[in-house]
Amino acid sequence: MPDASPDVRVTPDHARHAEGAGLRFEIVLDGVREPAFAVRWKGAWHAYLNRCRHESRLLDFGDAHFFDDAFDALVCCHHGARYRPDTGACLEGPCAGGGLTRLALELRGRELWCTGRARRA
């Protein structure tokens, strides 16, 4: 049976982060510490493991910058794979047919928490 991951507080005040904000954090899934991130896009928060589906490298350079210049996709800084900000589905690049691993988020007052893997729809 997989290890239950304790909830992780992503930020104490989600409202102070502007549209396009990126926040890095770590979460433990199945006993393994994983890099993760959350982004604010079109007023909603979305979170994923910080691993490109192409080579399992971090999407950012450690600066929590995940969006392209047009602000319509999350982009891998290493080879340009593009992902939908709201679903993590690959739009373009060597990750075709794949997607980022979605994480569940929950607002608790002003705090934003990650509660583990998102359930599949």
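The values are calculated or read from the model by the stated rules, or taken from the named source; none is laboratory data. Treat the numbers as computed from the prediction; the structure is a model and nothing was measured. Here Cβ is always computed from backbone atoms with ideal geometry, including for glycine, and neighbour counts include all displayed protein chains. Remember, those area values only see protein heavy atoms, side chains included, never the ligands or the DNA or RNA. Shrake-Rupley method; radii C 1.70, N 1.55, O 1.52, S 1.80 Å.
A few notes on this one:
- Here is the list for the stretch 1-74: chymotrypsin sites (Phe, Trp or Tyr not before Pro) lying in DSSP coil, each with at most 13 other C-beta atoms within 10 angstrom of its C-beta, are F61, F71.
- Backbone phi angles across the stretch 8-25, fed through the Karplus curve with coefficients 6.51, -1.76 and 1.60 (θ = phi - 60°), yield HN-Hα couplings of 10, 6, 7, 7, x, 8, 5, 5, 7, 9, 6, 3, x, 5, x, 10, 9, 7 Hz in residue order; Gly and Pro are listed as x.
- Taken one residue at a time, the phi angles of the stretch 77-92 give Karplus couplings (6.51, -1.76, 1.60, θ = phi - 60°) of 5, 8, 9, x, 4, 10, 10, 5, x, 8, 10, x, 5, 5, 9, 6 Hz. Gly and Pro are set to x.
- Two-decimal Rg/Rh across the chain, once Rg and the Kirkwood Rh are taken from alpha-carbon atoms: 0.94
- Per residue, the convex hull around the alpha carbon atoms of the stretch 27-85 comes to 89 Å³.
- The chain: Cys lacking any partner C-beta under 4.7 angstrom: C77, C114
- Environment charge of T87, counting only residues whose C-beta is closer than 12 Å and scoring Lys/Arg +1, Asp/Glu -1: +2
- Heavy-atom accessible surface of the chain, averaged per residue, reaches 56 Å², computed with a 1.4 Å probe.
- For the chain, the relative contact order works out to 25 percent when only alpha carbon pairs closer than 8 Å and six or more residues apart are counted.
- Across the accessible surface of the chain, with the other protein chains kept in place and a 1.4 Å probe, carbon and sulfur atoms take up 47 percent.
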